[in-house]
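The values are calculated or read from the model by the stated rules, or taken from the named source; none is laboratory data. Nothing here was measured: the structure is a model prediction, and the numbers come from that model. Cβ placement follows ideal geometry from the backbone for every residue including glycine, while neighbour counts extend to all protein chains displayed. Keep in mind that these areas ignore ligands, DNA and RNA; they rest on the heavy atoms of the full protein, side chains included. Shrake-Rupley method; radii C 1.70, N 1.55, O 1.52, S 1.80 Å.
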Amino acid sequence: MSASEATAVTAPALPQPRDKHLRRMADTIRVLAMDAVEAAKSGHPGMPMGMADVATVLWTRYLKFDPAAPLWHDRDRFILSAGHGSMLLYALLHLTGYADMTMAELRNFRQLGSRTAGHPERGHAAAIETTTGPLGQGLGNSVGMALAERFLAARFGAELVDHYTYVIAGDGCLMEGISHEAISLAGHLRLKKLIVFWDNNSISIDGSTSLSTSDDQIARFKACGWNTDAIDGHDTDQIAAAIERAQQSDRPTMIACRTIIAFGAPTKAGTAAAHGSALGKDEIAGARERLGWTAPPFVVPADMAEAWHKIGERGRASFTAWQARLAKADAATRTEFERGMKGELPQAARQALTALKAKFASEAPKTATRQSSGHVLDALAPLIPELLGGSADLTPSNNTKAKGQTLITRENYGGHYLHYGIREHGMAAAMNGLAVHGGVLPYGGTFLVFSDYCRPSIRLSAIMQIRVVYVFTHDSIGLGEDGPTHQPVEHLAALRAIPNLLVFRPADAVETAECWELALGSMKAPSILALTRQNVPALRRDAAQNLSARGAYVLAEADGARRVTLLATGSEVSLAIAARDQLKAKGIAAAVVSMPCWALFEQQDEAYRKSVLGSAPRVAVEAALPFGWDRYIGPSGRFIGMHSFGASAPGEALYKHFGITVEAVTEAALALT
């Protein structure tokens, strides 16, 4: 007797399906998942096998999609928050006829250059809505997507915007802390078109989830204001009935789907052995036998290929009808809808920014950059209807609510400002969801020190290359008395280390407006605005061109041959300017370089960078740790800044205490000349 025959004999019999055709369609997913993971010798076969029945019912009966128009704006969104089960999504995309998800891609699962990465990555294939894998992130994104649907429906009407957001989340997604922030916010907003399927298989990599958790998840979701349901995740009738009940609810719905991980596997079903590694050829042979599957690896029987392709073709009628509705909309509505979906800024907003920069340059306000940022939003909010702002319970401190912005509530999705509550992690993930949905330009605020709570989502913003604007105020020890717990010293360096992230630290009102202009125009990178609590003097009196666009520029050239270059960002640029004056009085010609965005400076050609930095010795000043500055000041340069955590005292006293002063900059420069 072969190994596969032995395992097949000892395994318990599979429950008989009520709908054999649907079961066979689901088995197609199971087998493709087993085969792809086995070919890669890497992956997570158990989750796709366990949730295949749920996914099959959803995609064959309820999901609104069209593989021929994968980016159709009114499609339903499908998010695999349990991204380790990526083969579930890849199999569905292939079977339903998405052109870019070929069988060759499935064969190349987890291989270099394939669309079928280990976890779904937005941009690898047209129908991958968001990058998932870090558990709970997809769930957090889905709240933003569901909110975007309600926000745009309030603006354009149900004729153009009327779709659901469906999520598959696993035990791990619900254990992660972000899940609580996400479900709490969604329940509070009553996002009724958000439907989450919980893959309740009670297995994690370490073993049974009973090792680490005993939460009553249904009670938790109910407490957060959700509608809940509990079903057998392998009973297609129960699955369908639960979806239909969810669609009629006035609240978001969580459907607890009791499933068996690696359903069909003879010895590894229901065990951690099926979670994060290939099943092995003998186990797969046994599974094929139990499922009655005779086709060889990566071969879909003709009847199943036809059945799945028909499902993919079904959505064409819905897409065509939607196109007709869009065509019938009045010209102004259609133009605005299409402009917003493309992410283009209204011309009036660009003109308003130009006027505001000129105003700042003329009036030279001595003000905190957080307040300058607020003035930018006051000017832009009435002109950019897709702008959706918010703050993690720090609105008066972040200056993120523009004059006239109305609130988004569960009674009014047509507002433009959201109180996220003290949910920094959930806010950042939701903003990613708003951005990837399309038609929304999200920004949100908190203190720079709390970017630590947002960092996983910021990293994903950068990976996905999406336009999200993070407004982080209280950017240094200058915030004062709140002390070292609230004073960011390492955060600029940590954020600058993230690839494809624009970290802006403007020096005054003009630079703040310039940085906002760059952030709003950045279609393929998220942005961070690090802004001061304390007032800073006006330094720029010319706003004819956006000098911040090159990342760094000579703000004040030396009087005569340059003998030292002073580099600074943000509030410390004014210290460098004052030190330049002291040096001039001593006969030392110094230039001051403002560096609002290192990432943009690194993108400039070598000739420009050399012209800005010069060949003279350099001193850098920033109220943060020196990490990263060595690339600009070199081994012989000097750094004036922080070398420890901060302290609790007024901001001015702290600058003096830690030696971040005009005198210190001047002395460092003199020591180099």
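Screening segment 385-465 for strands (runs of 3 or more DSSP E) wholly inside it with 2 or more residues that are farther than 19 Å from residue 530 by Cβ returns the ranges 387-391, 417-419.
Residues are listed down the side, and each one gets a yes or a no for (1) of a type in the set (A, V, I, L, M); (2) open to solvent by 20 Å² or more (accessible area, probe 1.4 Å); (3) within 25 Å of residue 22 (Cα to Cα); (4) modelled with pLDDT of 95 or more:
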{"residue": "184", "(1), (2), (3), (4)": "no, yes, no, yes"}
{"residue": "190", "(1), (2), (3), (4)": "no, yes, no, yes"}
{"residue": "200", "(1), (2), (3), (4)": "no, yes, yes, yes"}
{"residue": "206", "(1), (2), (3), (4)": "no, yes, no, yes"}
{"residue": "236", "(1), (2), (3), (4)": "no, no, yes, yes"}
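Counting just the residues of segment 479-495 that are within 21 Å of residue 627 (Cα to Cα) and not in a helix (DSSP H, G or I), which one comes out most open to solvent (accessible area, probe 1.4 Å)? Per the stated criteria, the residue is 485.
The single residue among 560, 570 that is surrounded by fewer than 21 Cβ atoms within 10 Å (Cβ to Cβ) and not polar (S, T, N, Q) turns out to be 560. Filtering segment 40-65 to residues that are assigned to a loop (DSSP other than H, G, I, E, B) and farther than 24 Å from residue 114 by Cβ leaves 63, 64. Screening segment 496-603 for strands (runs of 3 or more DSSP E) wholly inside it with 3 or more residues that are under 24 Å from residue 464 (Cβ atoms) returns the ranges 502-504, 527-530.
Residues of segment 117-143 that are of a type in the set (D, E, K, R) and within 13 Å of residue 461 (Cβ to Cβ): 122 alone. Can you say whether residue 56 is of a type in the set (Ser, Thr, Tyr), crowded, with 17+ Cβ neighbours inside 10 Å, under 26 Å from residue 141 (Cβ atoms) and modelled with pLDDT of 95 or more, as far as the supplied structure shows? Answer is yes for this residue. Got at least one residue in segment 641-663 being surrounded by 15 or more Cβ atoms within 10 Å (Cβ to Cβ), farther than 24 Å from residue 535 by Cβ and in contact with a strand residue (DSSP E or B) (Cβ under 7 Å, 6 or more places away or on another chain)? Scanning segment 641-663, I find no residue that is surrounded by 15 or more Cβ atoms within 10 Å (Cβ to Cβ), farther than 24 Å from residue 535 by Cβ and in contact with a strand residue (DSSP E or B) (Cβ under 7 Å, 6 or more places away or on another chain), so the answer is no.
If the condition is being of a type outside the set (A, V, I, L, M, F, W, C), open to solvent by 50 Å² or more (accessible area, probe 1.4 Å) and in a helix (DSSP H, G or I), then segment 319-342 contributes 320, 323, 325, 328, 334, 335, 336, 338, 342.
Look through segment 249-281, keep the residues that are hydroxyl-bearing (Ser, Thr, Tyr) and open to solvent by less than 30 Å² (accessible area, probe 1.4 Å), and return whichever of them is nearest to the chain's Cα centre (by Cα). Among those that are hydroxyl-bearing (Ser, Thr, Tyr) and open to solvent by less than 30 Å² (accessible area, probe 1.4 Å), it is 253. Looking at segment 195-243, which of its residues are assigned to a helix (DSSP H, G or I) and in contact (Cβ under 8 Å) with a residue 60 or more places away in the chain? Result: 236, 237, 239, 240, 243.
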